[in-house]
Each structure stands twice: as structure tokens, then as C-alpha cells.
Amino acid sequence: MMAEKGTISINAENIMPVIKKWLYSDKDIFVRELVSNGCDAVRKYQRLVQLGDAQEDGPYRVDVVLNEAEGTVQFKDNGIGMKAEEVKKYIAQVAFSGAEDFLAKYKPDEGESGGIIGHFGLGFYSAFMVAKKVVIDTLSYQEGAQAVRWISEDGMEYDMTESDRDQRGTTITLYMNDDEHDFLKLWEMRSTLEKHCGFMPVEIYLSEVKQPEAHKEGEEPKEDAESAKPQEPQKINDPQPLWLRKPSDVTEEEYREFYHKVFHDYDEPLFWIHLNAEYPFNLKGILYFPKIKNEFSASEGVIKLYNNQVFVADNIKEVIPEFLMLLKGAIDCPDLPLNVSRSFLQNDGYVKKMAAYITRKVADRLVSEFNNKRDDYQKYWDDIHPFVKYGCIKDEKFYERVKNAILYKTTDGAYLTLEEYKAKNCEEGKDAVLFYASDDKRQAQMIKLYTDQGKDVVLLNTLIDNNFISFLEYAERDAKITFRRVDAAAEGLTEEGETDETMRLALEKRFRDCTGDQELEVQLKSFKDEDMIAMITVDEQTRRFSDMSKAWGRDLNLPEKRTLVLNSKHALIGWIAKQDSDDDARDVCRQVVDLAEMARQPLVAERMVEFLHRSNLLLTKIVNG
Ligand code: ADP
Ligand code: MG
């Protein structure tokens, strides 16, 4: 073969600047591209061996070799190699025609990083993002093939000559740009390789060529000082990731080990789902339910997406429904068009169906845990419930699947489904009302009023619960299910029947005067608990709005509709009704209101100070007569 010069065809002048710009933010993907080319070359050779067209000649491997002194990174493989024509065809004539159409179609959106679109069949050229010169040295497996050397300094023009290489395979040498020398550092390259190539299908090794130390005057030259010394290669990847194995062949221990290693989480996962489908989607992966330490910190989860064992990106919300991001996992989808822009993924029917399929699998697994291992399920319900509730709110189809596996924890520590709660606590034929507490300590007094009557009170005390119950009331509007906080109404705690309206009006006036609140609504009811003097109820809906506005960090100071309910059977109420508005009666009224308030939440600031002061006065009066 004669030495030859050429120009890389198909508008390389147009493509190179685009590649450099697109990929600018994710430069390290050249590592993924060149290592995956090496793996591809090895796999092709293995395939030929299988077909009987080549000799078994392992062990097969890809080596990444750093040489800081020379400023080079090398990618070496013992795959099929290339003949001169192949280098020209696959490397020099950028591997597809219509490159311009392609670029026009899959142009990234404004402000989008190249992360997801790096993989677009121009993989080899990503080398020019970081290198000022690229050399390919390759020998094809084919008998009598001549080894070739290909050199290009800009990705647009090249020189090609014969090479004296005698080993089958390819070595790509990158002479790194001066400002890309970080890639020559062992730890930097190792973490890049682990991220992108951690599960590629051929063994990958990283090593470093150390220059001999400079010979100092007066010292004997060290042994071996003549030659640069390659260090012991470090193994990078797991070529047989767990997700590719048959679920029935994988032990629990292996699942746990994989979890700790891949997600660097030393807590134990709660349980996991091994997705292993050929149909309707070619999809493999493992999703773990982590112990969620902090509600709403979505950053806890991470779902790594792979395309045939090549890492693509973390947490691509176009493919994985957002609420699943609370999970940790790896998903490998060989058929996804991952080489395209995000807006394309968003609108792609196949991607949508696959996201729905993953959601369904997660829901089915929850239901099967509930049906088959209810004891375990109850144990980790406290960990998973924010995730389940968030999923229900986000995706009604998910809700429809898991709804019978949603549990309500009672203040007595039991876990009930909605049906179980209704069967125990609600009269048949009547609309179901679930009583709940949002704070079992503060609301202990109100909770007791219900539990004393044998009614269960469920605990809904996380941020998401407010949204969740509003969602549920809406989703179950036909079944008429209502959630009511223990301080929301007095109905269940009082007898039905007429009250004395004249007395009620008189008391209303008295309490309005002494609280200074002329809007205060006062009801007079006969309480089931005879010793209780009064309670304050707060309208459920207005209170929820107010709570939500606080949860969003914007306290709109929304008015809560409050009612003072007085026990008509209690002697003190009868006494108040008979008093003129003297100071004693006034203090007693205020004390009654404060006590009622304290049953649902602590008094704050001045109100607490006044309450304590008034309590002292009243006690002193009793003693002094
Ligand atoms: P793709 O891998 O998507 O085909 P690339 O630009 O990464 O695109 O590579 C172009 C082609 O060059 C490959 O399809 C392959 O034929 C050839 N090639 C690249 N690297 C190697 C290698 N290490 N060994 C053998 N052939 C290679
Ligand atoms: Mg490639």
C-alpha cells in the first residue's frame, strides 16, 4: 500500500464545528464512544468465532492507557481490526450518508446539553473534541491483511500509511489538547470510565505509563530507568451486569451487593423489581425501593439508563416517570432512540408506552407485596408511602392499580386499607368519613375523644398527605369518601337533637364580647363526653387551603373558618349563661376558649402568657374565696 492523503468526506467542515459545540458540555463522552467502539470490535470478532469464521483467541479486552508525559490516552482492543478500505469507508467517509439531514432533524433544543444526544453514530469523531491529533493503528483479523496507520489532526484531513503492527485489533491514540490534561489523571479517567463504561460487555482495564524519574546528578541510575514502565492495569467494569441475568438465578445477596456497589448506599434496600422483558418491550433492569430518609428529597433516587450496557444518562424524565425517580435503579433499553433530542423523546409514542409499562410493573409489584407478604409490607409502609402517594397524585393509572394496597396507619399502630377502615368504623349505606390526625401529640386530646368511642383515627402527618387526601376524595367522588381531621367537626362527638336557640344566642354574644371576635360562631350541643366543656372546630376545607399555602412557603394568611362548640350539659356553660358580664364571667369565658384551643394546638406567645396569668388569678380566687 502506498502512503495516501485524503479528505474526510461528507461535509466534515460543517459537521466538526457542530460536534464540538454540541458536546462541549459533556466532553467526557469521547471515552464512552471509543471504549464502546473497542467493545463492538471485540463482540464482532466473538461473533465470527461463533460462526466458525475466526479462531478463538482470547482473552478479549479493551485497555485504556494513560501517558501523562506524552500527553496521550490510548484505547486498545483485540477485536476485528480494520483493513485500509474499511478505515476509509467507516472512519474517513463519515459512516452515514445524509449527515446533514440527520443534523437538521435531531438538532438539540436551545440550551440542551449533549448528554443524551452524544450517541449519534459520529462516535469516533468525538475524539476531536479533546485531541489535537488522533492516530489509528489497526490490523484486521482477515488473512493476509496489511496493518494501517491513520493520522488526522483536525478530523477533516488525514494521512494513511502502512503500519508494522502484527497483533490483531486496533489502537486509537489521542494526543490531548493542552487544556484537557485532566483526562490523563488516573483518578479522573477512572471515574469517567466507571460512569460510562461500568457495565460494558467486554473487560476493560485502565493503566498508566509512568515515566522513569529523571536521573539526578551524583546518583546511580535506577534499574529499568531506560524505559517507561506500564503500571498494573485496574479492572473497570462488570461485563455481566445483574440485570441481564435470569431473575430466578440471582440470589438475594447478589441483589443487595449490586445495590450497595452501584448506588453507594449502605442502607439496605427495602425490596426490588427485576424487569426482564423481551415483549412488548426489550427492557431489562432492576429498580430498588430505597429507605427514603427525607420526604421530597427527590435527589435521593437515581435511575441510570443504559443502551446495550452503554451508560446514557441519569434520571431521564422523558423515559422514566418523574415519581419513580425516588427509586434507585438501572434500566437497559436497547431499542430506545436515545441518540435524539429530549423533545423528540417527549413526544415519542414508543417512549410513552414504555414509561407506562415500567409504571405498571412497579404498581403490580407493590400489590403483590401487599397480597403475599402483608407483614413485611406493613413494616416498610412508613418508608414507601410518600412515594406511593406521590405516584397516585401524578398518575391516576398508577393509583387505579395500587389503590387496594394503600394503607392507613392508625394512632394505635394498626395498618388498615380503606375498605378495612370502613368496615370497622363506618355505617353501611352512609357516606364514609375517615377521621385523621396530622399530629398525634398535639392532637392527643381530640384523638382520644374518638378512640374512646371505639373509632379508629388514622395518622396523616407528612407533607404529601394534604394533597393526597384531596386527590383521593376527588378520585373516589362516586364512593363519597371524606377525610376529616379530628378537630374539623363536632358531629361524631355530640348527640343529635334540638338546642335552646335563645340560650345559644346569649352565649354567642357573651363569647363574642369577651374574645373581641364579633364573627365567632357559637354552637350549643349536648356532648357525648359529659366532662368536656367546649371544643373548637375548624372547617376542613379552609384549613387545608391554609396548610397548603404554608407548605408552599407562602403563608397567604387564609382565614380558617372556626366554630366554638359548647357543651349544653356542662354546669359551667349553664353558669356562664346566667352571669352578667362581670370580670369573673369574662375570665371564665376566656379560659374556656383557651382550653378548647389547647386541645387542638398549643397556645403561642402572648396568648400563652395571658392564659398562665389568668389561670393564676382564678386559682388564687378560689383559695381566697
Ligand atoms: P458507530 O460505532 O455508531 O458505528 P463510530 O463513529 O463510533 O460509529 O464508528 C464508525 C465505525 O468505525 C464503526 O461502525 C466501525 O466499523 C469502525 N470502528 C470504529 N472503531 C473501531 C475499532 N476500535 N475497531 C474496529 N472498527 C472500528
Ligand atoms: Mg461507535
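Filter segment 372-415 for residues that are at pLDDT 95 or above, among the small types (Gly, Ala, Ser) and buried (at least 18 other Cβ atoms within 10 Å of the Cβ) and give the result.
Ala405, the sole residue that qualifies.
With respect to Val351, determine if the residue is over 15 Å from Ile273 (Cα atoms) and free of Cβ contacts under 8 Å to residues at least 40 places away in the same chain.
Against the criterion (over 15 Å from Ile273 (Cα atoms) and free of Cβ contacts under 8 Å to residues at least 40 places away in the same chain), Val351 qualifies.
Just need a number here: residues in segment 506-543 that are more than 17 Å from Ala596 (Cβ to Cβ) and either of a type in the set (Val, Ile, Thr) or in contact with a Phe, Trp or Tyr (Cβ under 9 Å, 6 or more places away or on another chain) (or both).
The total comes to 2.
Which of the residues spanning segment 416-430 are surrounded by fewer than 17 Cβ atoms within 10 Å (Cβ to Cβ) and assigned to a strand (DSSP E or B)?
Thr417
Check off (1) over 25 Å from Ile536 (Cβ atoms); (2) under 34 Å from the mean Cα position of the chain (by Cα) for Gly429 and give me the number that stays unchecked.
Checking Gly429 against (1) over 25 Å from Ile536 (Cβ atoms); (2) under 34 Å from the mean Cα position of the chain (by Cα), the one that fails is (2).
Taking the criterion of being at pLDDT 95 or above, of a type in the set (A, V, I, L, M) and assigned to a loop (DSSP other than H, G, I, E, B), would at least one residue in segment 258-279 satisfy it?
No, because not a single residue in segment 258-279 is at pLDDT 95 or above, of a type in the set (A, V, I, L, M) and assigned to a loop (DSSP other than H, G, I, E, B).
Which condition from (1) within 35 Å of the chain's Cα centre (by Cα); (2) closer than 23 Å to Leu206 by Cβ; (3) more than 16 Å from ligand 2 (Cβ to nearest atom); (4) at pLDDT below 95 is the one that Gly58 breaks?
Result: Gly58 passes all but (1).
Please go through (1) loosely packed, with under 15 Cβ neighbours inside 10 Å; (2) at pLDDT 85 or above for Ser526 and return the number of the only condition it doesn't satisfy.
Result: Ser526 passes all but (1).
Report yes if some residue within segment 83-95 is within 11 Å of ligand 1 (Cβ to nearest atom), touching a helix residue (DSSP H, G or I) at 6+ places or on another chain (Cβ under 6 Å) and modelled with pLDDT of 95 or more; otherwise report no.
No, there is no match, as no residue in segment 83-95 is within 11 Å of ligand 1 (Cβ to nearest atom), touching a helix residue (DSSP H, G or I) at 6+ places or on another chain (Cβ under 6 Å) and modelled with pLDDT of 95 or more.
Name the residues in segment 440-453 that are under 12 Å from Ala599 (Cα atoms), outside any helix (DSSP H, G or I) and in contact (Cβ under 8 Å) with a residue 12 or more places away in the chain, would you?
The answer is Asp440, Arg442, Gln443.
Name every residue in segment 492-510 that is surrounded by 12 or more Cβ atoms within 10 Å (Cβ to Cβ) and assigned to a helix (DSSP H, G or I), in order of residue number.
Gly492, Leu493, Met503, Arg504, Leu505, Ala506, Leu507, Glu508, Lys509, Arg510
Scan segment 32-60 residue by residue and report those that are farther than 21 Å from Val134 by Cα, more than 9 Å from ligand 1 (Cβ to nearest atom) and of a type in the set (Lys, Arg).
The answer is Arg43, Arg47.
Tyr279 versus (1) touching a Cys at 6+ places or on another chain (Cβ under 8 Å); (2) without any contact (Cβ under 8 Å) to a residue 12 or more places away in the chain; (3) of a type in the set (Phe, Trp, Tyr): which is the lone unmet condition?
(1)
For segment 68-82: of the residues being assigned to a loop (DSSP other than H, G, I, E, B) and more than 13 Å from ligand 1 (Cβ to nearest atom), which is farthest from Lys185 (Cα to Cα)?
Glu70
Specify which of the listed residues (Val433, Val362) is assigned to a strand (DSSP E or B) and among the β-branched types (Val, Ile, Thr).
Sole residue among the options that is assigned to a strand (DSSP E or B) and among the β-branched types (Val, Ile, Thr): Val433.
What is the number of the single condition among (1) closer than 30 Å to Tyr357 by Cβ; (2) at pLDDT 90 or above that Leu460 does not meet?
Only one criterion is unmet by Leu460, namely (1).
Name the single residue, out of those in segment 148-184 being within 16 Å of ligand 1 (Cβ to nearest atom) and without any contact (Cβ under 8 Å) to a residue 24 or more places away in the chain, that is surrounded by the fewest Cβ atoms within 10 Å (Cβ to Cβ).
Applying the filter and picking the extreme gives Ile151.
The values are calculated or read from the model by the stated rules, or taken from the named source; none is laboratory data. Here the structure is a predicted model, which means the values were calculated and not measured. Reconstructed Cβ throughout: ideal geometry from the backbone, glycine too, with neighbour counts over all protein chains shown.
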